[in-house]
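What follows is a short report on a single structure.
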Amino acid sequence: MIQEALEEIARGTAEIIDSERIEKLVTKYYNDGTTYTVKAGFDPTAPDLHLGHTVLLQKLATFQKFGGRVQFLIGDFTAMIGDPTGKSATRKVLTKEDIIKNITSYTQQAFKILDESKTDIVYNNDWLEALGSAGMLQLASNLTVARMLERDDFSKRYRSNTPIAVSEFMYPLLQGYDSVHLKSDIEIGGTDQKFNLLMGRQLQKAYEIKKQQAVLMMPILEGLDGVQKMSKSLGNYIGVIDAPKDIYGKILSISDELMWRYYELLSEMSLSDITKLQKDVSSRTIHPKTAKENLAFEITKRFYNEELATLAKEEFNSVFKAKKLPTEMLEFEMSNGIWVCQALVDAKLESSTSQARRDIKQNAVSIDQVKISDEKLNLETGEYILQVGKKRFAKIKVK
RNA sequence: GGUGAGUUAUUCAAGUGGUUAAAGAGAUCGGAUUGUAAAUCCGCCGGCUAUGCCUUCGAAGGUUCAAAUCCUUCACUCACCA
């Protein structure tokens with residue numbers, strides 16, 4: 001039983017520091033029901049969760065199954081300072097209202113995965129503000145500049161002559177101090193957080209709170225391109241609140257190689273079943289596409305339900321396999337005699353009329369599923385289905 | 001504070017007075033092929049009812065028939081010195 005729990009906990013992790021401690025905590029829970037705390041920090045600047053975040057959330061949920069109490073830490077203090085990495089000085093510092101709004105939407109999404117009753121939401125502003133300048137300086141004395149420059153992304157940026165703001169040096173310290181204040185037993189984060197996570201251990205020791213958190217790191221989930229990490233700004237993400245058909249479709253569009261990665265990090269299928277599936281695919285017993293469809297279905301189902309996932313699957317097959325029209329698309333009204341290119345822009349299918357012209361030339365635009373070639377076409381009264389490429393559709397009514 | 005180098009389109013990066021909307025590469029997008037996969041090949045890749053016109057090369061001025069390219073000021077970045 002305990003063994004099983006530990007295996008589940010270790011699944012998919014990139015690195016665990018002090019796994020003996022995790023073992024002890026879990027064992028204690030099974031022996032006398034004592035719970036322990038698992039901390040994870042979240043930045044309130046990005047209210048849209050994507051699958052990259054869920055890797056972490058799923059791991060937290062696993063801990064919750066085995067006696068962990070999650071400290072869902074909102075980094076509102078650091079958010080209010082503003083991100084020093086952004087070169088644009090104009091970057092908006094978040095107001096209290098913004099943060100509250102973001103958090104509400106954030107937690108709503110997070111509780112699709114986490115058990116709300118075993119989660120404590122905490123805000124680091126509560127104790128970091130009280131720390132004051134003196135406390136801050138004392139904190140800063142725990143670390144040398146040389147040590148700080150050891151951090152991978154700092155040294156990389158330093159070498160490549162990218163600016164590093166001094167305040168950025170404070171981030172790991174503040175994050176570490178959070179662990180001191182919360183007396184966390186375990187902290188989890190992405191591998192890119194290693195330095196910060198270890199800082200928590202170091203500071204807990206320095207502040208003598210009589211425990212040192214175990215650290216569990218999850219790999220960074222690659223985005224749809226399979227190379228860079230999943231992030232909103234790179235546009236290679238699958239959002240938790242994406243429509244079912246988008247989640248389904250986006251997963252099917254990943255490469256086969258990446259599919260296994262997603263299976264490992266996102267699926268709830270047991271590791272041995274995944275290995276078996278992998279074998280079946282390579283021996284051609286199972287078509288890779290089937291494997292991918294199952295994954296897409298499972299994940300869509302997790303964020304919605306079986307019914308909607310089934311619909312998404314059917315929709316996908318009808319649109320892309322049978323080349324039928326999607327059941328739902330945005331509708332727009334236009335006035336009589338509108339120029340096609342303008343109509344495409346107004347229907348948000350194209351960014352500019354120039355782009356629309358180019359796409360028409362490239363044979364990418366269809367009206368009612370018939371490719372058009374005349375870029376000067378004007379539309380008479382009636383209803384049309386405009387399509388650009390394979391994925392973009394809109395219905396327009398010309399009056 | 002001093003000295004030097006730099007800031008080009010979505011990103012990296014050429015271009016040092018005129019055939020420059022600006023080489024090359026990547027990303028995105030589209031076409032072919034497929035399993036809407038990957039790989040590959042090809043095209044497009046500032047805007048405008050458009051064989052032309054307009055706006056872009058950190059910002060603002062200036063020199064010139066002509067400026068991304070020269071000059072001045074400002075902003076930002078980096079390096080070395082202090």
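The values are calculated or read from the model by the stated rules, or taken from the named source; none is laboratory data. For clarity, every value in this text was computed on a predicted model and none was experimentally measured. We place every Cβ from the backbone using ideal geometry, glycine too, and count neighbours over all the protein chains shown. All accessible areas refer to the heavy atoms of the entire protein, side chains included, with ligands and DNA or RNA removed. Shrake-Rupley method; radii C 1.70, N 1.55, O 1.52, S 1.80 Å.
For region A:359-377, enumerate the residues that are of a type outside the set (Gly, Ala, Ser), more than 10 Å from A:Cys341 (Cβ to Cβ) and either touching a residue at least 12 places away in the same chain (Cβ under 8 Å) or outside any loop (DSSP other than H, G, I, E, B) (or both). Quick ask: steps written out before the conclusion?
Step one: list which residues in region A:359-377 are of a type outside the set (Gly, Ala, Ser), which gives A:359-363, A:365, A:367-372, A:374-377.
So of that shortlist, the ones also more than 10 Å from A:Cys341 (Cβ to Cβ) come out as A:361-363, A:367-372, A:374.
The answer is A:Lys361, A:Ile367, A:Asp368, A:Gln369, A:Val370, A:Lys371, A:Ile372, A:Asp374.
A residue that is surrounded by fewer than 20 Cβ atoms within 10 Å (Cβ to Cβ), outside the structural domain of A:Arg21 (by TED's automatic domain parsing) and closer than 26 Å to A:Ile16 by Cα occurs somewhere in region A:236-258. Here A:Ser270, A:Ser282, A:Ser318 are screened, and the one residue that is among the small types (Gly, Ala, Ser), over 25 Å from A:Gly12 (Cα atoms) and free of Cβ contacts under 8 Å to residues at least 24 places away in the same chain is A:Ser318. Restricting to region A:316-352, name every residue that is surrounded by 15 or more Cβ atoms within 10 Å (Cβ to Cβ), of a type outside the set (A, V, I, L, M) and in contact with a Leu (Cβ under 8 Å, 6 or more places away or on another chain). Passing the criteria: A:Phe316, A:Trp339, A:Glu350. If only residues of region A:195-247 that are within 16 Å of RNA strand B (Cβ to nearest atom) and assigned to a strand (DSSP E or B) are counted, the one that is nearest to the chain's Cα centre (by Cα) is A:Gly239. Filtering region A:19-43 to residues that are within 17 Å of A:Lys183 (Cα to Cα) and surrounded by fewer than 17 Cβ atoms within 10 Å (Cβ to Cβ) leaves A:Lys24, A:Thr34, A:Thr35. Within region A:1-50, the set of residues being modelled with pLDDT under 90 and touching an Asp or Glu at 6+ places or on another chain (Cβ under 6 Å) comprises A:Gly12, A:Pro44. Listed by first and then second residue, the pairs with beta-carbon distance under 7 Å, at least 6 apart or on different chains, first residue in region A:341-356 and without any contact (Cβ under 8 Å) to a residue 12 or more places away in the chain and under 15 Å from A:Leu379 (Cβ atoms), second part of a loop (DSSP other than H, G, I, E, B) and within 6 Å of RNA strand B (Cβ to nearest atom), are A:Val345/A:Ser352. Taking residues in region A:214-233 that are at positive phi and open to solvent by less than 40 Å² (accessible area, probe 1.4 Å), and partners anywhere that are of a type outside the set (Phe, Trp, Tyr) and more than 12 Å from RNA strand B (Cβ to nearest atom), not one pair has Cβ atoms closer than 6 Å while being at least 6 places apart or on different chains. Just one of the listed residues (A:Asn305, A:Asn317, A:Asn336, A:Asn294) is away from RNA strand B (no atom under 13 Å from the Cβ) and of a type outside the set (Val, Ile, Thr), and it is A:Asn305. All conditions in (1) closer than 30 Å to A:Leu308 by Cα; (2) of a type in the set (D, E, K, R); (3) assigned to a loop (DSSP other than H, G, I, E, B) hold for A:Glu383, with the sole exception of (3). Here A:Gly41 fulfils each of the conditions (1) under 19 Å from A:Gln109 (Cβ atoms); (2) outside any strand (DSSP E or B) apart from (2). Taken over region A:62-71, the criterion of being of a type in the set (Phe, Trp, Tyr) and surrounded by 23 or more Cβ atoms within 10 Å (Cβ to Cβ) is satisfied by A:Phe63 alone.
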